[in-house]
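*Asks:* Dropping the structure in here first, questions after.
Each value in this text was obtained by applying a stated rule to the coordinates, not by laboratory testing. Worth saying up front: this structure is predicted, and the values here are computed from it rather than measured. Cβ coordinates were reconstructed from backbone atoms using ideal geometry, including for glycine residues, and neighbour counts include every protein chain displayed.
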């Protein structure tokens, strides 16, 4: 019996998850509301960001009733936890994978100048593709002008629904914290003062990369004989972590079922989504054109068939869509790029972790479109000079933003601030796009990890580290030895 390829299994899981959620929503469960909590007036409500940090305290002036539907509660209690466990497992192995693979990649180098070449080419290409993404977004939004079709009634409805939403409030607070930091703050943040703390926090990926590169280069400088015991340890750790990736991926089809079902039952008012369809369509068109752009780059510079390239990468793309997180998808991206596309570990172990942190082409494209869309909808003039400022600001903001769901809206506030957008209208601006942010976040994460894989493939080809016949490993390769 022929076994279905992994990308087909994941795709079937996604489709079934969406259908399951829609069936629930069409039944009485999808419409029947239940009261979860009643918060009396005078109580203080804490708004938190993803890591649990309190960013805003609000004293309620009137009673607040928090409601949900039976369908949402059922999925949240009995289905969604399986998706959450899957994401936790991927995040669990992300830091050990970076640590082991990057040290192995550097310590295998015979010539340290190769690492310098890889680093310079990586950063240069990342800056180039991100700039292309931002400019492409600005061109599309200026030609199509989606903001000019938004009625005052829709703006009022979106504002009343989302302007005071705790998600919007938390992102405004987080953006304020980032804006108040100095111009070289991202360089300062790259250097950890506690290696154990850095290794224990997935959001400090650049610190982990810095520490790991420091270890790898120091191992090279003490000579192969002295470094051999430590190198053998990390080589073995790398093999173990990659086997963990294979085992975790066995559950991927079931996990994406849970993740997509939760997204659908938690979605916003369909009428609001339809009102923002033109804006969402511009973003989706831009993201699609970026995939076309990557395909051209792979064909021209890596001499690979772009359809073959996308097929090999598809499981990672589908997971990126389901999780909305480049960081969570990183272990799978590395496995697909190394074992299926043929990029040598010397290249992938540096290019991909760095890309997951600093290269956000899909998010940067969205910055340009969202900023101009908000300006169009609220009749705020954005001349050419202001739009050039958006290019520079979005490029710099993408470097220091965490690779987690919702980070794009934090970047957007920084971009709006750079062009002089009225601060009292930030909440209204975010409210305009908040309803469709999650599905667009899922799509732009696909573009982010595709960009990372494209750059890794091009850099590998340029330093003669792209193998023609990669051998993929399976979870049961050595099972006969232990069963």
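*Asks:* With the Cα gyration tensor of segment 207-263 giving a ≥ b ≥ c as the square roots of its eigenvalues, does the rule (a/c under 1.5 for rounded; else a/b larger than b/c for prolate; else oblate) give rounded, prolate or oblate?
*Replies:* oblate
*Asks:* Related question: Can you tell me how much longer the chain between residue 240 and residue 379 gets when fully stretched, taken as 0.36 nm per residue apart minus their C-alpha distance, in nm with one decimal?
*Replies:* Result for the pair: 44.4 nm of gain on full extension.
*Asks:* Calculate the spin-label point distance for residue 23 paired with residue 73, positioning each point 7 Å from the Cα along the beta-carbon direction, and give it in nanometres.
*Replies:* Placing both labels 7 Å beyond Cα along the Cβ direction yields 2.2 nm.
*Asks:* Sticking with the crude label model, points 7 Å out along Cα→Cβ, report the distance from residue 108 to residue 417 in nm, one decimal please.
*Replies:* In this crude label model, residue 108 to residue 417 measures out at 4.3 nm.
*Asks:* Could you please rank 347, 139, placing first whichever residue has the fewest other Cβ atoms within 10 Å of its Cβ?
*Replies:* The order, fewest Cβ neighbours first, is 139, 347.
*Asks:* Mind sorting 153, 346, 73 by how few other Cβ atoms lie within 10 Å of their own Cβ, fewest first?
*Replies:* By the 10 Å Cβ count, ascending: 153, 73, 346.
*Asks:* Moving to a separate point now. Which of 300, 446 has the fewest other C-beta atoms within 10 Å, and how do the rest follow up to the most?
*Replies:* Lowest count first: 300, 446.
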